[in-house]
1. Whether any residue in segment 173-181 is open to solvent by 20 Å² or more (accessible area, probe 1.4 Å), aromatic (Phe, Trp, Tyr) and in a helix (DSSP H, G or I) is what I want to check.
2. Is it the case that LEU259 is over 29 Å from ASP31 (Cα atoms) and out of contact with any Ser or Thr (no Cβ under 6 Å at 6 or more places or on another chain)?
3. Please work out which residue is surrounded by the fewest Cβ atoms within 10 Å (Cβ to Cβ), limiting yourself to segment 157-172 and to residues that are under 17 Å from the mean Cα position of the chain (by Cα) and within 18 Å of TYR20 (Cβ to Cβ).
4. Looking for whichever is closer than 28 Å to PHE173 by Cβ, in contact (Cβ under 8 Å) with a residue 60 or more places away in the chain and not polar (S, T, N, Q) here; the options are LEU26, LEU44. Which one fits?
5. Is one or more of the residues making up segment 197-214 in a helix (DSSP H, G or I), out of contact with any Phe, Trp or Tyr (no Cβ under 7 Å at 6 or more places or on another chain) and of a type in the set (Gly, Ala, Ser)?
6. Report, ordered by the first and then the second residue, all pairs with beta carbons closer than 9 Å, sequence separation of six or more or different chains, a first member in segment 141-155 that is at positive phi, and a second member that is open to solvent by 20 Å² or more (accessible area, probe 1.4 Å) and not in a helix (DSSP H, G or I).
7. Output the number of residues of segment 117-142 satisfying the condition of being farther than 16 Å from GLN106 by Cβ, crowded, with 22+ Cβ neighbours inside 10 Å and of a type in the set (A, V, I, L, M, F, W, C).
8. For segment 260-307, how many residues are within 26 Å of ARG4 (Cβ to Cβ) and either aromatic (Phe, Trp, Tyr) or in a loop (DSSP other than H, G, I, E, B) (or both)?
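The values are calculated or read from the model by the stated rules, or taken from the named source; none is laboratory data. Note that this is a predicted model, so its numbers are computed, not measured. Cβ atoms come from the backbone with ideal geometry, glycine included; neighbour counts cover every protein chain shown. For the accessible areas, the whole protein counts, side chains as well, though only heavy atoms, and no ligand, DNA or RNA atoms are used. Shrake-Rupley method; radii C 1.70, N 1.55, O 1.52, S 1.80 Å.
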Amino acid sequence: MAERTRFGAVSVDLDGISHYHHIHGLAPLADEAAARHAVYDIALARMADFARAHDLPLTLFAIGADLTRPESAAKLADLAARGHVVENHSFSHRYDLTRASPEEIQRDIAAAQDAIERATGRRPVGFRAPGYTVTDVALDVLEGLGLRFDSSVFPCPAYYGAKALVMGAMRVFGRTSASVLDTPRVLAAPTRPYRPGKPLFRPGTRALVELPIQVTPGLRLPFIGTSLALAGPRVARVFAASCAGEPLVNLELHGIDFLDASDGLAHLVPHQRELRIPLARRLDALSAAIDVLAKRGAKFVTLEEAAREIA
């Protein structure tokens, strides 16, 4: 019997720098701040160069509201024209979106569908929730809108615990984070692609496919851009080797992974530890992980392709 193809996918959440202010309870970013549009004005070009160097198709999760700025929409359309695929990361990037009414959730996600289609000429078929927080109601909305996959479930105890500790510490010091802590049931969700049921953290018979954010087998350590940047190239290779046998290695990055403190982000260095590491070294860690997966036979595809093939 022929060996089943193993896939790799690299996705990038295009969260603007203002959202990091919301997470860390910082003062709003000034309209004229150089960092406000850094993800679109600086990071997108670096992503394109990185993807070209590794022959990668990227899946970009865009926030609909960002595309009301013509310059951002044009830059995103340029990447889409190069073969990268843009999916839905909500319109408003409300971290508490899943706590809204079903009608509000539907309006927000549908508005992002329209904004992304106007910018790129393609209507998204996939979704990633702000802060990875997704619910059965949200999946109902996605199915009603005809989306074919979700990639929000992050079954990672280390990430969950760290997030809970940071949010708790912020409250002690009188700061409020916009982040929302997901239900702990997410920690028992499957780590491999599956069709969700109700509740969504169990396999079932939904039409759409869930593509979980990657964790290592066994310990479920985070295999995402932030963790690889902090770990460095050597550990990134070890993590990648541990994941190489998975049917899909779903490596999730953020726009900030392609930015440096010198890009107007010096004020975030105390809050975003990865910014203390030079960008070149962080990209070396990402390259190391991708090279290991490629050498182990992973075929890199978009998440849309992965959902179609694995389903």
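1. no
2. On the way: over 29 Å from ASP31 (Cα atoms): no; out of contact with any Ser or Thr (no Cβ under 6 Å at 6 or more places or on another chain): yes.
No, not satisfied.
3. It comes out as LYS163.
4. Details: LEU44 fails: closer than 28 Å to PHE173 by Cβ.
Of the residues listed, the single one that is closer than 28 Å to PHE173 by Cβ, in contact (Cβ under 8 Å) with a residue 60 or more places away in the chain and not polar (S, T, N, Q) is LEU26.
5. No, the conditions are met nowhere in segment 197-214.
6. Pairs found: GLY146/ARG123.
7. 1
8. Result for segment 260-307: 6.
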